[in-house]
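After the structure tokens below, expect a handful of questions from me.
The values are calculated or read from the model by the stated rules, or taken from the named source; none is laboratory data. Keep in mind that what you see is a predicted model, and the values were worked out from it rather than measured. Quick reminder, even Gly has a Cβ in these numbers, built from the backbone with ideal geometry, and neighbours come from all protein chains shown.
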Amino acid sequence: MREPLTHCSTTRYKISAAWHHHARPREPGWASSGPWLSGLEPCNVTAMGATIGDFRRWLLREPAPVVVAGLAFLVCFWRPMLTLGQDWWTDPNAGHGLLLFPVAVYMAWRRGIVAEPRPQHALGLWLLALSVLVRYLSGLAAELFTMRMSLLGAAMGLVVYAYGVRQLVRWWLPGLLIVLSVPLPVVVLGSLALPLQLTASRWGAALLELRHVPVRLAGNVIHLPGRSLFVTEACSGLRSLTALIALGVLVGGLWLRSPWSRALLVVLAIPVAMALNAVRVFLTGFLVFYVDPGLAEGFMHLSEGWVVFVAAFVILGAFAFVLARWEKSLGQVLA
């Protein structure tokens, strides 16, 4: 005959369940496999399942608040979501968002929910109210960048309202990747492109002179015998620079542990991108002078860009490998 569930038996059951929960050996995960995937620590499946289960039960009991909040979010932020997706698909300067956003969503799902969520309703509502105000003002000014950042701010407010600031800290890497996937304003892109054009032209001309190619530089125009190369905004290296910085953030978050090492890797991505873009300009001028002037256009010119970007990513990976080894040796010395 089953023993009735008295107060004492309930207490024994809770103590036994708690002992089994803490005594159960922890399964090995990505965090224990070294620094290579330290940015993707395994989520607490039990805690996350309990949290999702509680949310589902609450949603079945009171679906109206969630439905109303979701509809309000879509009505308020449908335009920045739509324009952002269109820019990712059509703008070459923003194409890296098609890769970064799905990766960020997967990483956020992989990280999961904090073990003990502590919702901060007041702070979350303040963030939501501020984001809605910024969305309204940016809509009046037709400023897309601020409008899209208000979308991210509203999403952060919802996370803080539901799970607290600790959840934002847990999702720092996916959140940073999503921020980097938002295209910069056109004014900022234009102010960055011209100095990069001039630098690529100057460095490329210097490399051509080292190979005894007669060259004369006039701004961003490289004059060769019988041919002139115009380093346009598309050849400034700005696209590869933004993509390489985002990849530096991703690789640093996954492979490295120290914030200083991650910041150093991102900083190193800048000269690597600029130097290899100058190499691309040099290769174009070299092939035009010695082989065929038609190689400055068409498939060969595009393939040079892809090859140079792959080389830049390999160099960045080598830097990350050296920094990871340095962190490991430093940890052994300190231990």
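Condition check: surrounded by fewer than 17 Cβ atoms within 10 Å (Cβ to Cβ), under 30 Å from Leu100 (Cα atoms), in contact (Cβ under 8 Å) with a residue 24 or more places away in the chain and not assigned by TED's automatic domain parsing to the domain that holds Leu128. Does Leu176 satisfy that? First the steps, then the outcome.
Values: surrounded by fewer than 17 Cβ atoms within 10 Å (Cβ to Cβ): yes; under 30 Å from Leu100 (Cα atoms): yes; in contact (Cβ under 8 Å) with a residue 24 or more places away in the chain: yes; not assigned by TED's automatic domain parsing to the domain that holds Leu128: no.
So Leu176 fails the test.
One residue is enough: does segment 159-168 have a residue meeting the conditions among the basic types (Lys, Arg) and not assigned by TED's automatic domain parsing to the domain that holds Gly112? Quick ask: steps written out before the conclusion?
If we filter segment 159-168 for residues that are among the basic types (Lys, Arg), which is where we start, we get 166.
From what's left, not assigned by TED's automatic domain parsing to the domain that holds Gly112: none.
Within segment 159-168, none of the residues are among the basic types (Lys, Arg) and not assigned by TED's automatic domain parsing to the domain that holds Gly112.
Here is a follow-up. One residue is enough: does segment 67-86 have a residue meeting the conditions under 12 Å from Val182 (Cβ atoms), modelled with pLDDT under 90 and within 18 Å of the chain's Cα centre (by Cα)? Give the steps one after another, and end with the answer.
Restricting attention to segment 67-86, the residues satisfying the condition of being under 12 Å from Val182 (Cβ atoms) are 80-81, 83-85.
Of the ones still in play, those that are also modelled with pLDDT under 90 are none.
No, segment 67-86 contains no residue that is under 12 Å from Val182 (Cβ atoms), modelled with pLDDT under 90 and within 18 Å of the chain's Cα centre (by Cα).
Residues are listed down the side, and each one gets a yes or a no for (1) more than 16 Å from the chain's Cα centre (by Cα); (2) more than 30 Å from Gly237 (Cα to Cα); (3) assigned by TED's automatic domain parsing to the domain that holds Phe282:
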residue: Pro92; (1), (2), (3): yes, no, no
residue: His96; (1), (2), (3): no, no, no
residue: Val103; (1), (2), (3): no, no, no
residue: Tyr106; (1), (2), (3): no, no, no
residue: Gly124; (1), (2), (3): yes, yes, no
residue: Ser131; (1), (2), (3): yes, yes, no
residue: Glu143; (1), (2), (3): yes, no, no
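Tally the residues that are in contact with a Cys (Cβ under 8 Å, 6 or more places away or on another chain) and among the polar types (S, T, N, Q), restricting the search to segment 261-287.
Number of matching residues: 1.
Another question about this same structure. Can you find, within segment 274-328, the residue that is nearest to Leu254 (Cα to Cα) among those that are modelled with pLDDT under 85 and acidic (Asp, Glu)?
Glu304
So if I check each of Gly253, Gly331, Gly285, Gly305, which one is touching a residue at least 60 places away in the same chain (Cβ under 8 Å) and more than 20 Å from Thr199 (Cα to Cα)? Walk me through it before giving the result.
Working: Gly331 fails: touching a residue at least 60 places away in the same chain (Cβ under 8 Å); Gly285 fails: more than 20 Å from Thr199 (Cα to Cα); Gly305 fails: more than 20 Å from Thr199 (Cα to Cα).
So the residue among Gly253, Gly331, Gly285, Gly305 that is touching a residue at least 60 places away in the same chain (Cβ under 8 Å) and more than 20 Å from Thr199 (Cα to Cα) is Gly253.
On to the next question. Please verify whether Arg262 is modelled with pLDDT of 90 or more, surrounded by 17 or more Cβ atoms within 10 Å (Cβ to Cβ) and of a type in the set (Lys, Arg), treating the condition exactly as stated.
Working: modelled with pLDDT of 90 or more: yes; surrounded by 17 or more Cβ atoms within 10 Å (Cβ to Cβ): yes; of a type in the set (Lys, Arg): yes.
Considered against the rule, which asks whether it is modelled with pLDDT of 90 or more, surrounded by 17 or more Cβ atoms within 10 Å (Cβ to Cβ) and of a type in the set (Lys, Arg), Arg262 comes out as yes.
Taking the condition of being under 17 Å from Leu184 (Cβ atoms), of a type in the set (S, T, N, Q) and in contact with a helix residue (DSSP H, G or I) (Cβ under 6 Å, 6 or more places away or on another chain), how many residues in segment 234-277 meet it?
Here the count works out to 2.
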